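The values are calculated or read from the model by the stated rules, or taken from the named source; none is laboratory data. Note that the structure is predicted; figures quoted are calculated from it, not measured. Ideal geometry is used to build each Cβ from the backbone, glycine not excepted, and the neighbour counts take in all protein chains shown.
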Amino acid sequence: MKKRIFSGAQPTGELHLGNYLGATKNWVELQNDYDSMFCIVDLHAITVPQDPLVLRRKTLDLARIYLAAGIDPDVSTVFVQSAVPAHAELAWALNCIAKMGELQRMTQFKDKSGGKSESASVGLFTYPVLMAADILLYQTDLVPVGQDQKQHLELTRDIAERFNRDYGETFVVPDPYILKAGAKILSLKDPSKKMSKSDPNENATIFLMDDPDTVMRKVRKAVTDSGTTVEFDENRPAINNLLTIYRMLTGKSEEDCVTEFEGRGYGEFKPALGETVVEFLRPFQERYKQFDDEELKNILKAGAEKARELARTTIDNTYKNLGLR
Ligand code: AMP
Ligand code: TRP
């Protein structure tokens, strides 16, 4: 039997190259080797206020992005979280297992609440527990995500182990699946930060829907470190990041990338990188336009049916083991 992978992304903001290289690209490469579930986590999205109409549109658009990136709905299960009530049902039970102290240590909550935890929603605080529910519901073996989600994965493991110990074997304890290169794509304007959908500097992030001129401009304006050589070097995070993007999109080896730009400076590398990104985005954006709403809705409906069936067994077991029902 194939091992199961589960991953998801929120239908908010716009997806960028960091999301693609850190998460979606891996999903596509893994989907044939694993029993794969890819979720659009709209319940996570509402932990901060959303415009309902925009949320609904973004949810479908994210499904479109998954498919354009190469996720095959005949191979993988693609679905929307809120269409499977078991996510919320399991989250409640796990809320009673997770500790306040554990959640207080989550750096994403600290970042997202911006130090104003008093006015953050309770949902934002308990966000990682809902994420644990997503994963544990499907007896997931591996969770492919970017580096920023590692802490949430550790919490998920802790919750699963505690539950299994106190209430009997109920959950598979999942492993994170974080690929080294691309696990953290950095901001083009400040390589001490990750590339993010909410960066106030519009040149910091390459969005998957950017047009060619915008891409070329952003790459041209990307900051560089001191030094002029084009090399992979952990101590020069800016060029390291740009080369990583180049390497991942071209599929070339590190050595080949370095040889290619040996003796040539940023002046030649940057346009080459810009072209590479543009040529990657062009067919991606073409595919994106191909799917109509009805087709997407049907795919999501079929995905949710399958997910509901799988989730039922876990919910029944969990509730039974807790003495409910
Ligand atoms: P989010 O945009 O926070 O909903 O993240 C969706 C997925 O993209 C998660 O698996 C993240 O770990 C991944 N991700 C987000 N930003 C980056 C980045 N800058 N580099 C690599 N992966 C990222
Ligand atoms: N928290 C993840 C993010 O911000 C999204 C997510 C929700 C997720 N549930 C998940 C990722 C389960 C992997 C598995 O990127």
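Filtering Phe207, Phe261 for residues that are closer than 27 Å to Pro283 by Cβ and in contact (Cβ under 8 Å) with a residue 60 or more places away in the chain leaves a single hit, Phe207. Mind checking whether some residue in region 107-117 is closer than 25 Å to Arg312 by Cα, not in a loop (DSSP other than H, G, I, E, B) and not basic (Lys, Arg)? Among the residues of region 107-117, not one is closer than 25 Å to Arg312 by Cα, not in a loop (DSSP other than H, G, I, E, B) and not basic (Lys, Arg), which makes the answer no. Scan region 216-257 for residues that are of a type in the set (Val, Ile, Thr) and either outside the structural domain of Glu268 (by TED's automatic domain parsing) or in contact with a Gly (Cβ under 6 Å, 6 or more places away or on another chain) (or both) and the total you get is 2. I'd like to check something: does region 196-211 contain any residue that is away from ligand 2 (no atom under 16 Å from the Cβ), buried (at least 17 other Cβ atoms within 10 Å of the Cβ) and either within 16 Å of the chain's Cα centre (by Cα) or at pLDDT below 95 (or both)? Within region 196-211, one or more residues are away from ligand 2 (no atom under 16 Å from the Cβ), buried (at least 17 other Cβ atoms within 10 Å of the Cβ) and either within 16 Å of the chain's Cα centre (by Cα) or at pLDDT below 95 (or both).
Listed by first and then second residue, the pairs linking a residue in region 55-81 that is touching a residue at least 12 places away in the same chain (Cβ under 8 Å) and within 16 Å of Glu309 (Cβ to Cβ) to a residue that is in a loop (DSSP other than H, G, I, E, B) and not aromatic (Phe, Trp, Tyr), with Cβ atoms under 6 Å apart and 6 or more places separating them unless they lie on different chains, are Ser76/Gln31; Gln81/Val41.
Considering region 133-179, and only residues there that are out of contact with any helix residue (DSSP H, G or I) (no Cβ under 9 Å at 6 or more places or on another chain) and within 15 Å of ligand 1 (Cβ to nearest atom), the residue that is nearest to Thr318 (Cα to Cα) turns out to be Glu154.
When you scan region 201-315 for helices (runs of 4 or more DSSP H) that lie fully inside it, which ones turn up with 1 or more residues that are under 30 Å from Cys39 (Cα atoms)? Step through it out loud before you land on a result.
Working: elements: 212-221, 237-250, 254-260, 266-290.
Correct list: 212-221, 237-250, 266-290.
Each residue in region 17-47 was checked for being within 12 Å of ligand 1 (Cβ to nearest atom) and modelled with pLDDT of 95 or more, and 9 of them qualify.
Look at Pro128 and say whether it is in a loop (DSSP other than H, G, I, E, B) and touching a residue at least 12 places away in the same chain (Cβ under 8 Å). Against the criterion (in a loop (DSSP other than H, G, I, E, B) and touching a residue at least 12 places away in the same chain (Cβ under 8 Å)), Pro128 does not qualify.
Can you find even one residue in region 283-300 that is loosely packed, with under 14 Cβ neighbours inside 10 Å and in contact with a helix residue (DSSP H, G or I) (Cβ under 7 Å, 6 or more places away or on another chain)? Within region 283-300, one or more residues are loosely packed, with under 14 Cβ neighbours inside 10 Å and in contact with a helix residue (DSSP H, G or I) (Cβ under 7 Å, 6 or more places away or on another chain). Beta carbons closer than 7 Å, at least 6 apart along the sequence or on distinct chains, pair a first residue in region 138-149 that is in a strand (DSSP E or B) with a second that is within 7 Å of ligand 1 (Cβ to nearest atom) for Val143/Ser7; Pro144/Ser7; Pro144/Ala23.
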